[in-house]
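Let me begin by presenting the structure, written as structure tokens, before commenting on it.
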Amino acid sequence: MTAGGTADPQRLKGFIQELTGFAEKAERNLNEISENDGLSESRLGEFSEQMIAIRGTADQLGFPRISRIAGLGEEIAVKAATITKRSQMRRYLTSLWDALTTVKFMLEHLSQETSEEQDILSHRLQTVLTQLGGPRSTVDQGEIERLLGQRPE
Amino acid sequence: MDPNDINILVIDDVNTVRVQLNDLLKSFGFGQVQAVGSAPEAIQALTREKYHLILCDWHMSPTTGLEFLHFVRKQPSCQKIAFIMVTAEATKERVVEAIQAGVDDYIVKPLTLAHMNKIYKVLTKKQVIE
């Protein structure tokens, strides 16, 4: 069940407001991170938590484009938390701002088709993430079943 | 036991997800669904009602889903409750942590109708339904 195409408009509005609230929290965090030139592991951790909340909720609602960009923001923040040089951090901060502003735009313009700019941004974020060592490896449901099956009864 | 009589506790700090999960579970015939926004609220709910199944998010504060799972598994009164993590967290390390903490199943969001058979399987294994 997704909300993307069939939810009651008022309900959908409430859902989007909640997602926007997460984005606004993420923006406050990013402002604080920017003021410290990014060297704040805990703030980056909070930012990635807000991105995961947006990603998970967007997935549940059936908004894959928003989920994808939030996911890239989340992964970049997780990896960026290990960086110690301010000069390097500034570059990744730009990516985090790009991810966040795009998520906010998408939330405000849900009915719009993916734009070429968004595709380019997505590709750019992916490149940044690759430079940081790539995303954390994840498991699919099949692997989860296998891991569950391995535990002692 | 009839699915309509199975008591389910949903814990997620995002209201949107609580609403969606509630709708999904009800559409599949589960009539008794209580949704709360945090582990402390869930602990209060557990003192008031007997639950057969917990569906819990991971990333919450002040207590994460994993911490709540550890808590539930330490309570003698909660040993028979089925616990399924429903989360966007999909790294192997997290899945293994949850399994080691005693989770009965682990579903990566989005929860969909396709996952209902997993829920039934867990409930059958726990002898809540036959």
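Among the listed residues A:S115, A:S67, identify the single one that is among the hydroxyl-bearing types (S, T, Y) and more than 24 Å from B:L21 (Cβ to Cβ).
Every option except A:S115 fails the conditions.
Can you pull out the residues in the stretch A:113-150 that are away from chain B (no Cβ under 13 Å) and touching a helix residue (DSSP H, G or I) at 6+ places or on another chain (Cβ under 8 Å)?
A:T114, A:Q118, A:L121, A:S122, A:R124, A:L125, A:Q126, A:V128, A:L129, A:L132, A:G133, listed by residue number.
Please go through (1) modelled with pLDDT of 95 or more; (2) out of contact with any Pro (no Cβ under 9 Å at 6 or more places or on another chain); (3) more than 10 Å from chain B (Cβ to nearest Cβ) for A:A70 and return the number of the only condition it doesn't satisfy.
Only one criterion in (1) modelled with pLDDT of 95 or more; (2) out of contact with any Pro (no Cβ under 9 Å at 6 or more places or on another chain); (3) more than 10 Å from chain B (Cβ to nearest Cβ) is unmet by A:A70, namely (3).
Taking the stretch B:89-106, which residues are surrounded by 21 or more Cβ atoms within 10 Å (Cβ to Cβ) and within 14 Å of the chain's Cα centre (by Cα)?
B:A98, B:V103, B:D104, B:D105, B:Y106
Let's see how each residue does on (1) farther than 20 Å from B:K121 by Cα; (2) without any contact (Cβ under 8 Å) to a residue 40 or more places away in the chain:
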residue: B:Q44; (1), (2): yes, yes
residue: B:E49; (1), (2): yes, no
residue: B:H52; (1), (2): no, no
residue: B:V72; (1), (2): yes, yes
residue: B:A82; (1), (2): no, no
residue: B:M85; (1), (2): no, yes
residue: B:D104; (1), (2): no, yes
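Given the condition more than 24 Å from A:G45 (Cα to Cα) and surrounded by 15 or more Cβ atoms within 10 Å (Cβ to Cβ), answer yes or no: does some residue in the stretch B:55-62 qualify?
yes
Yes/no matrix, rows are residues, columns are (1) more than 14 Å from chain A (Cβ to nearest Cβ); (2) touching a helix residue (DSSP H, G or I) at 6+ places or on another chain (Cβ under 8 Å):
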residue	(1), (2)
B:M1	yes, no
B:N7	yes, no
B:D13	no, yes
B:V17	no, yes
B:N22	no, no
B:K26	no, no
B:S38	no, no
B:A42	yes, yes
B:H52	yes, yes
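Would it be correct to say that B:V72 is facing chain A (nearest Cβ under 8 Å) and at pLDDT 95 or above?
In short, no.
Under 6 Å between Cβ atoms, at least 6 apart or on separate chains: pull out the pairs that start in the stretch A:60-72 with a residue that is of a type in the set (S, T, Y) and end on any residue that is assigned to a helix (DSSP H, G or I).
Pairs that qualify, where the first residue is of a type in the set (S, T, Y) and the partner is assigned to a helix (DSSP H, G or I), are A:S67/A:R55; A:S67/A:A58; A:S67/A:D59.
Go through (1) under 18 Å from A:G56 (Cα atoms); (2) out of contact with any Leu (no Cβ under 8 Å at 6 or more places or on another chain) one by one and return the number of the condition B:L113 breaks.
Of everything listed in (1) under 18 Å from A:G56 (Cα atoms); (2) out of contact with any Leu (no Cβ under 8 Å at 6 or more places or on another chain), B:L113 misses just condition (2).
The values are calculated or read from the model by the stated rules, or taken from the named source; none is laboratory data. Model, not experiment: these values are computed from the prediction. Don't worry about glycine lacking a Cβ; one is built from the backbone with ideal geometry, like all the others, and counts go over all protein chains shown.
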